[in-house]
Every structure is written in structure tokens, then in C-alpha cells.
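Student: Here it is, the structure in full.
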Amino acid sequence: MRLLEFQAKRILREQGIAVPKSVLISSSENLEGVSFPAVFKAQIPVGGRGKAGGVRVAEKTAEAASIVEELLTSTIKGHPIQALLAEEFVEVRRELYIAYLIDKKANLPILMGSSAGGVDIEEVAKKTPEKIIKKYVDPTLGVQDFVIRSLAKALEVSDLQSFRGLTDQICTIFQERDATLVEINPLAVTPNGFVALDAKILLDDKAAYRHRDLFDDLQGEQRRLGRRGTIRSEELAEERGITYVPLEGDIGIIADGAGTGMLTVDLLHEEGGRAANFCEMGGLANAEIMRQTMEVVLANPHVKVLLISLIGGLTRMDEMADGIVQCIGQINRGVPMVIRMCGTKADVGKQRLREAGVEAFEDLQEAVRVAVERLKES
Ligand code: GDP
Ligand code: MN
């Protein structure tokens, strides 16, 4: 799970790391708690906001109102901005980079740091990778003093004690909350010490059961901010226990088994189409599960065509057809649907679909081809 910046900063603050004073705002009317000059930051689950215009400085209230208005009605990298973090402007001497994460190659935690922090860190990583210092950490020993000293030297940090405190705090957050990444970029060096100007935290979804309350709170908060799009599909799928993996394309896929699903994705790509998701209902779906799964996949606004690929081993095709017809009655947002059906009661199922005006085929290859055609027409 990716935390939004204000959520990550709250965790940092709880651990004792300095972050700028801030308020979360969702309209230009509630600017009372903001002190100027202020920085307004789009709360969206992607980085690079600074370069995309999502981080703006305002000197006075008058100026702030129009900046807030503009940001809250715009979209960055496909994410509508639902809320802004309004922060006090911090005087910065230097911008550092620091991150603690799992290195998948070595299967070890790694502490990374750079004196060239800020919005250009990706350029730095590409062009001058030697400016990013990497230190593996033995999890049984923790971050040892010599690691701190050599990192502090590379980052030209003189206050070793504060730096040690900060790295300990970062490691504690990482370990106690089962994070997979804790990153501060930039970590500002100010006359009053270190201040985390930006924060990114990823929590390990597989460890969610150990932090149920934390996950529920964070997810509830993000939902209340109204995250839309594919994220909505993912949330719905999670609530309903449906296997759903978002992909980049525009043809939504539902299958009644994992094998059928993967075969369908492969065939679709061979025919020049691109799957918007992978989704399978498991072998024991009924009409209601079919209807709910269609809601999940259709909640993704990028889906232009829906391809349902059923093999009818354990599922009954008459029931699947009923679920599809019910769903169309409820949320017909004009997405063409192409259904492949074979196996148990497929004749009855296809008949019911055709009566409802839905295209149904026995042959998977043919269904896939038609789905790609419907996309071109749409
Ligand atoms: P990102 O582009 O999504 O990583 O967003 P950041 O939160 O890193 O903000 C972009 C840049 O804005 C930062 O790298 C800082 O250089 C700058 N910035 C943000 N807040 C402040 C602030 O309070 N003071 C100063 N001087 N710069 C800030
Ligand atoms: Mn940043």
C-alpha cells in the first residue's frame, strides 16, 4: 500500500522526525489554519509532482486561493487532485536524499543516501549513480556506527548524533510497520536541523494482517478523499475478495479461472489488444458473483470493451448469463461486451445473452478478435 504524503509525514512525526507544520485542505474556503508563505502540495499517489506543477508556493492568502482552486480542479498524471497539504515554507540550506528499503537482489535491507537530493534524484541516479551511496544492513545487527559515519561523510553531514537519531527513527518505522520503503526526499538541512520536506512510505500488503487497524485507517482516509479510476476497481475487488490485477490497457477481462484468464490475456495481446486488468472469479462463481465482478472491472474508467472468457467447468453458463444480464440492466455505461462461453449449459447461456443483445461465442479466438474490433470501432 502506498501512503499519501500527509499520511507518511504523520508517521514520521509520530516517530519524532521533524516535518513542516501543515493542514490538509480540500477547498479554497478553508485556508484559515494556513500560515504564509505556504507550500501547497497535491496529495496524489505518484512522485514527480514538483516538476508537474503539483507543488506551489504562495506568499499571501489572495494568491493562495487561486492556486488552490486551480490545483483542486486539475489532474496530474491521470490522478484528479482531491486534497492539498498546505505547509509552512521552510528555509533550506541543502537538500539530501535518504531511503531505507529492501534490496530484492541481495534480499537485504539497504540504506541509501545522497547529497544531491531534491526533484532531480532520478537524473542523478541515471547520470551520476556514484552520488548515491548504498549500504547494506544486517537486520540482526541494525545500522552500525561505521555505516552511519561513512554515510554522514558522503552527505557532508557534521552533526553525527542527529543523523544517527534520524536513521534510527527511519529504521524503526520500517521495521515496526512492515514497510517495504521509507524514503525522505528532500531531507532538508535547515538552521534548526533536519526537516523531512517530502516522504514516501510503502507498506507490505502481505503483512496487513499484523497491522489491521493501521491499514483500515489509512485506506478509509484515502477512500474518503475519493480516489477514483483503477484504484476504485482495486478497492472494490479487495472488499469483495475478487482476484484483480490492474494492467495498462483498455480491454477489461473477466475469466472463470486463472488459466483461462491468462490464456485470454495472451491471446488478446497476440491479436494486438491490451488488457486493462487480469481478473478471475474462481471455479465456483454464481450469477451474483458474476454481477459483482463486472462492477469491479467496469469501475475502471479506462475500460472501453469488456471481454468475458468462460470455460464452464465448474461454473454454470446459464447462471453466468443471468449475472451478465443483471449487471447490464444496472450499470450500462455503453461498454461493448463480448462473451465467450462453452461447457456446462453453454447453449442456454448463449441464448439468454443473445436475447439480451450481447455477443456470445463458443470459440475463444473468435471472441478475442471481435473484442479487438469493437475497441477499434469505439
Ligand atoms: P515531488 O516532486 O512529488 O517529489 O514533491 P516534493 O514534495 O519533493 O516537492 C518538490 C520540491 O519542492 C522539493 O524537492 C523541494 O525542493 C520543494 N519544496 C517543497 N516544500 C518546500 C519548502 O517548504 N521549502 C523549500 N525551500 N522548498 C520546498
Ligand atoms: Mn520529493
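Student: Residue by residue through the range 167-220, note down the ones that are among the acidic types (Asp, Glu), over 17 Å from Asp103 (Cα atoms) and within 16 Å of ligand 1 (Cβ to nearest atom).
Tutor: Selection gives Asp198 alone.
Student: Please work out which one of (1) within 34 Å of the chain's Cα centre (by Cα); (2) crowded, with 19+ Cβ neighbours inside 10 Å is the condition Ala360 fails and give its number.
Tutor: Every listed condition holds for Ala360 apart from (1).
Yes or no, residue by residue, for (1) charged (D, E, K, R); (2) within 14 Å of ligand 1 (Cβ to nearest atom); (3) assigned to a strand (DSSP E or B); (4) touching an Asp or Glu at 6+ places or on another chain (Cβ under 9 Å):
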position: Ala8; (1), (2), (3), (4): no, yes, no, yes
position: Ile11; (1), (2), (3), (4): no, no, no, no
position: Lys41; (1), (2), (3), (4): yes, yes, yes, yes
position: Glu63; (1), (2), (3), (4): yes, no, no, no
position: Glu69; (1), (2), (3), (4): yes, no, no, no
position: Leu101; (1), (2), (3), (4): no, no, yes, yes
position: Gly113; (1), (2), (3), (4): no, no, yes, no
position: Ala116; (1), (2), (3), (4): no, yes, no, yes
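Student: With the structure loaded, tell me whether Val189 is under 22 Å from Lys206 (Cβ atoms), out of contact with any His (no Cβ under 7 Å at 6 or more places or on another chain), surrounded by 18 or more Cβ atoms within 10 Å (Cβ to Cβ) and modelled with pLDDT of 95 or more or whether it fails that test.
Tutor: So Val189 fails the test.
Student: Taking Ile170, is it in a helix (DSSP H, G or I), within 16 Å of ligand 2 (Cβ to nearest atom), surrounded by 14 or more Cβ atoms within 10 Å (Cβ to Cβ) and at pLDDT 95 or above?
Tutor: Against the criterion (in a helix (DSSP H, G or I), within 16 Å of ligand 2 (Cβ to nearest atom), surrounded by 14 or more Cβ atoms within 10 Å (Cβ to Cβ) and at pLDDT 95 or above), Ile170 qualifies.
Student: Restricted to the range 43-61, and to residues that are not in a loop (DSSP other than H, G, I, E, B) and not polar (S, T, N, Q), which residue is farthest from ligand 2 (Cβ to nearest atom)?
Tutor: Among those that are not in a loop (DSSP other than H, G, I, E, B) and not polar (S, T, N, Q), it is Ala58.
Student: What pairs come out if I take residues in the range 49-60 that are farther than 11 Å from Leu71 by Cα and pair them with residues that are assigned to a loop (DSSP other than H, G, I, E, B) and within 6 Å of ligand 1 (Cβ to nearest atom) whose C-beta lies under 7 Å away, six or more apart or interchain?
Tutor: Close Cβ pairs (under 7 Å, with a partner that is assigned to a loop (DSSP other than H, G, I, E, B) and within 6 Å of ligand 1 (Cβ to nearest atom)) amount to Gly50/Val119; Lys51/Val119; Val57/Phe89.
Student: Also, quick follow-up: Restricting to the range 98-131, name every residue that is within 16 Å of ligand 2 (Cβ to nearest atom), under 21 Å from the mean Cα position of the chain (by Cα) and at pLDDT below 95.
Tutor: Across the range 98-131, the qualifying residues are Val119, Ile121, Glu122.
Student: Starting from the range 3-18, keep only residues that are in contact (Cβ under 8 Å) with a residue 12 or more places away in the chain, then list their pairs with residues that are hydroxyl-bearing (Ser, Thr, Tyr) and within 12 Å of ligand 1 (Cβ to nearest atom) whose Cβ atoms are within a distance under 9 Å, requiring at least 6 positions of separation or different chains.
Tutor: Phe6/Ser22; Lys9/Ser22; Ala18/Thr190
Student: Moving to a separate point now. Check whether at least one residue in the range 250-264 is outside any helix (DSSP H, G or I), within 16 Å of ligand 1 (Cβ to nearest atom) and modelled with pLDDT of 95 or more, and report yes or no.
Tutor: No, the range 250-264 contains no residue that is outside any helix (DSSP H, G or I), within 16 Å of ligand 1 (Cβ to nearest atom) and modelled with pLDDT of 95 or more.
Student: While we're looking at this one, here's another question. If a residue must be more than 16 Å from ligand 2 (Cβ to nearest atom), touching a residue at least 24 places away in the same chain (Cβ under 8 Å), within 23 Å of His302 (Cα to Cα) and in a strand (DSSP E or B), how many such residues does the range 71-97 contain?
Tutor: Here the count works out to 1.
The values are calculated or read from the model by the stated rules, or taken from the named source; none is laboratory data. Worth saying up front: this structure is predicted, and the values here are computed from it rather than measured. Backbone-built Cβ (ideal geometry, glycine too); neighbour counts: all protein chains shown.
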